[in-house]
Amino acid sequence: MEHTDPLASTGGQEQMEPAPLKSNRKQALVITSFGTSVPEARISITAVEEVLTAAAQGYICVRAYTSPTIRRILKSRGENVPSLTEALEYLAAEDVQQVVVQPTHLLYGYEYDKLKAEAEAIADRFATLTVGRPLLSDNEDIQCFARNLSQDHPVEDGAVTIFMGHGTEHFANAAYPALQTALHLLNRKDLFVGTVEGWPGLDDILRQLEPSRKIYLLPLMLVAGDHARNDMAGDWKSRLENAGHTVICSFTGMGQLSWVQEMYRERLVKLL
């Protein structure tokens with residue numbers, strides 16, 4: 001992804017006073033992700049960024065990460081990725097007039113709420129500032145997502161597939177059981193949705209499994225980062241194996257799937 005954003009520096013020195021933009025463009029797209037500290041997992045973010053950048057022809061494209069912890073870890077490795085506020089302050093100082101913030105978040109939740117509040121706090125410095133929707137933001141999104149999951153994972157005798165999401169105490173967690181319902185309405189009783197920190201959890205899934213199943217375990221997250229490597233391939237895999245199942249883990253983040261990228265692209269083009 002080619003950014004004109006010098007804040008997203010990968011050099012060994014901190015670069016917090018960016019050089020002026022080599023452009024007279026007054027429109028910008030800020031692609032905003034939670035971020036990841038797992039280098040090999042970052043491909044899921046950059047894949048979405050590349051699709052969104054291609055859709056925003058003529059726009060200055062800027063990367064921002066919302067997680068202070070991730071930014072701090074990356075900074076210790078010599079890479080400075082700005083927060084959303086830093087990215088917006090930079091664009092305002094460069095007299096950019098129109099800004100679109102497109103999150104790569106999966107659903108409305110506390111992280112999305114904080115992102116929206118950050119954007120609104122600086123919105124008066126632009127002629128327009130628009131914040132896009134997360135991936136699963138309404139019933140149509142959930143049904144589309146379920147259909148694509150069903151197509152990606154054909155029925156296999158004796159096997160089930162479990163998707164592990166993050167989960168949240170936010171009411172937006174309802175997207176997960178809604179997705180489970182959508183899959184069942186497609187007659188896919190072999191596809192299960194669970195969460196690490198929300199509902200349904202792994203216990204809810206275990207009670208529904210027949211003995212000695214072959215289980216495909218996949219992340220229901222943009223990035224297959226720490227949760228996929230520790231919770232999914234660690235705790236969840238162990239508990240499923242202890243229950244007598246054979247488990248095969250996948251480390252493909254949702255951001256690597258072309259239809260997920262297209263869902264993000266479609267919501268962005270409506271804002272441009």
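The values are calculated or read from the model by the stated rules, or taken from the named source; none is laboratory data. Just so it is clear, the model here is predicted, and its values are computed rather than measured. Backbone-built Cβ (ideal geometry, glycine too); neighbour counts: all protein chains shown. When the accessible area is computed, the model is the full protein with side chains, heavy atoms only, and any ligands, DNA or RNA have been set aside. Shrake-Rupley method; radii C 1.70, N 1.55, O 1.52, S 1.80 Å.
Below 8 Å, C-alpha to C-alpha, sequence gap of six or more: please give me the relative contact order for the stretch 67-223 in percent. If you can, show how the numbers build up before the last one.
On the way: 204 pairs, mean separation 33.2, N = 157.
RCO, the stretch 67-223: 21 percent.
Calculate for the chain the 222 nm mean residue ellipticity that helices alone would give, adding -39,500 (n - 2.57) per DSSP H run of length 4 or more and normalising by residue count, nearest 500 deg cm²/dmol.
Working: 9 runs with 93 residues, N = 272.
Result for the chain: -10000 deg cm²/dmol, rounded to the nearest 500.
Of the heavy-atom accessible surface of the chain (probe 1.4 angstrom), what whole percent is carbon and sulfur? Intermediate results must be reported in sequence, preceding the final value.
On the way: 6050 of 12570 Å².
Whole-percent figure for carbon plus sulfur exposure: 48.
For residue 239 and residue 156, what does the FRET efficiency come to when R0 = 22 Å and r is the distance between their Cβ atoms, rounded to the nearest 0.05? Could the numbers behind the result be given before it?
Values: r = 22 Å, r/R0 = 0.99.
Calculated value: 0.50.
Percent relative contact order of the chain, based on C-alpha pairs within less than 8 angstrom and at least six residues apart? Working shown, then result.
Values: 497 pairs, mean separation 53.9, N = 272.
The normalised contact order for the chain reaches 20 percent.
Angle, helix 43-55 long axis vs. longest principal axis of the chain, Cα atoms, 0 to 90°, nearest 10?
Helix 43-55 sits at roughly 50 degrees to that axis.
Give, in nm to one decimal, the length gained when the segment between residue 94 and residue 204 is fully stretched (0.36 nm per residue of separation minus the Cα-Cα distance). Could the numbers behind the result be given before it?
Working: separation 110, 0.36 × 110 = 39.60 nm, distance 5.14 nm.
Result: 34.5 nm gained on full extension.
Counting only pairs 8 or more residues apart or on different chains, how many lysine pairs in the chain have their Cα atoms under 20 Å apart? Could the numbers behind the result be given before it?
Working: 26/270; 116/270; 189/214; 214/237.
The result is 4.
How large is ³J(HN,Hα), in whole Hz, for each residue of the stretch 206-219 in order, when computed from phi with the Karplus curve 6.51 cos²θ - 1.76 cosθ + 1.60 and θ = phi - 60°, using x for Gly and Pro?
4, 5, 9, 7, 6, x, 6, 8, 8, 10, 9, 10, 10, x
To the nearest 10 degrees, how steep is helix 110-122 against the longest Cα principal axis of the chain, on a 0 to 90 scale?
Tilt of helix 110-122: around 10 degrees.
Over the stretch 210-272, what relative contact order in percent results from Cα pairs under 8 Å that are six or more residues apart?
Values: 67 pairs, mean separation 27.0, N = 63.
Answer for the stretch 210-272 is 43 percent.
If you roll a 1.4 Å probe over the heavy atoms of the protein chains, what accessible area per residue do you get for the chain, in Å²?
Numbers: 12570 Å² over 272 residues.
I get 46 Å² per residue for the chain.
For the Cα atoms of the chain, what angle does the longest principal axis make with the long axis of helix 258-269, in degrees from 0 to 90, nearest 10?
It works out to around 40 degrees.
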